[in-house]
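Structure, as structure tokens:
The values are calculated or read from the model by the stated rules, or taken from the named source; none is laboratory data. These figures come from a predicted structure and were not determined experimentally. Note that we place each Cβ from the backbone using ideal geometry, even for glycine, and neighbour counts take in every protein chain shown. For accessibility, only protein heavy atoms count, side chains too; no ligands or nucleic acids. Shrake-Rupley method; radii C 1.70, N 1.55, O 1.52, S 1.80 Å.
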Amino acid sequence: MLRSIAFEIAYWVLSVFYALACALAALAPGRGPLAFALRLYTRRMLWAMHWIAGIKVDVKGEERLPEGAYIVAAKHHSWGDGFVMFAHVRNLVFVAGDHLERIPLLRGILRKFGAIMVDNCGGPEARRALAERAAAAHADGRRILIYPEGNLAKAGERFRYRSGVYYMYRDFGLPVVPVATNLGVFWRQQEFLKHPGRATVEFLDPIEPGLGRGEFLARLEGAIETRSQELIAQAIGEPVRPSVLVLAPDEIARAAAQPA
């Protein structure tokens, strides 16, 4: 509990400080100063996770990352795995829910950085927005981070994998690097309480261009979920179990809105 309290204080102090630093960096010409500030922020957060919360993150598989542009499709257990991505993958832009644009200070930072903002609820308009903004990032030669489930998942659970990542893969002809993790064992979604231990984030073998939608999504989900469950089993010292499919928040909301 004391570690969690100390980390929460450090989290907000660092976040506020670097949000102000990024807002200033966003005023400078080009994207370089802002990218530098964001990278420094994520490295400081990994330091705080290790030395304050007691969560040491081992990053594996960096040798599998291709040269040039590619898409990173990652399991999303907590904010911590996002820090790992930005600290270890250069020239990265991310796909995120448009709710972040409602935060005044973040709005300008995200736009200057070139973040790809989409409606979490999906649908044709969200797919078009994703395609247009991802195309602009691809034209800049940037690596694109996307969370295929679209939400923070509990360790051992999975949401339906959405097709946006497939359309980027198909349209841009880029390899997709799946990323597995067990970080949710130690930092569960947005929960306050942190559990000290040794977490792993692992870059897996890239999926090369050329697959159809069904085969691609099956291979992506199989790679991420299988390896994530293996890492979770290693962390908790229990046998490997398949992840459990659960409804995403927007799917629950749609189901609740259906007439009886």
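Criterion applied to 145, 152 was being open to solvent by less than 20 Å² (accessible area, probe 1.4 Å) and either in contact with a Gly (Cβ under 9 Å, 6 or more places away or on another chain) or charged (D, E, K, R) (or both), and the one residue passing it is 145. The set of residues from the stretch 180-222 being modelled with pLDDT of 95 or more, assigned to a strand (DSSP E or B), touching an Asp or Glu at 6+ places or on another chain (Cβ under 9 Å) and not hydroxyl-bearing (Ser, Thr, Tyr) comprises 180, 198, 199, 201, 202, 203. Among the residues of the stretch 203-220, write down those that are of a type in the set (A, V, I, L, M, F, W, C) and open to solvent by less than 60 Å² (accessible area, probe 1.4 Å). Across the stretch 203-220, the qualifying residues are 203, 204, 207, 211, 216, 217, 220.
Return the residues of the stretch 25-39 that are touching a residue at least 12 places away in the same chain (Cβ under 8 Å) and either of a type in the set (S, T, N, Q) or open to solvent by 30 Å² or more (accessible area, probe 1.4 Å) (or both); say none if nothing qualifies. The answer is 31, 35, 38, 39.
Listed by first and then second residue, the pairs with beta-carbon distance under 7 Å, at least 6 apart or on different chains, first residue in the stretch 136-155 and modelled with pLDDT under 90, second in a loop (DSSP other than H, G, I, E, B) and of a type in the set (Ser, Thr, Tyr), are 143/70. With respect to the conditions (1) free of Cβ contacts under 8 Å to residues at least 60 places away in the same chain; (2) under 21 Å from residue 153 (Cβ atoms); (3) part of a loop (DSSP other than H, G, I, E, B), residue 42 lacks only one, and its number is (3).
Among the residues of the stretch 45-99, those identified as open to solvent by 10 Å² or more (accessible area, probe 1.4 Å), outside any loop (DSSP other than H, G, I, E, B) and within 16 Å of residue 175 (Cβ to Cβ) are 62, 63, 64.
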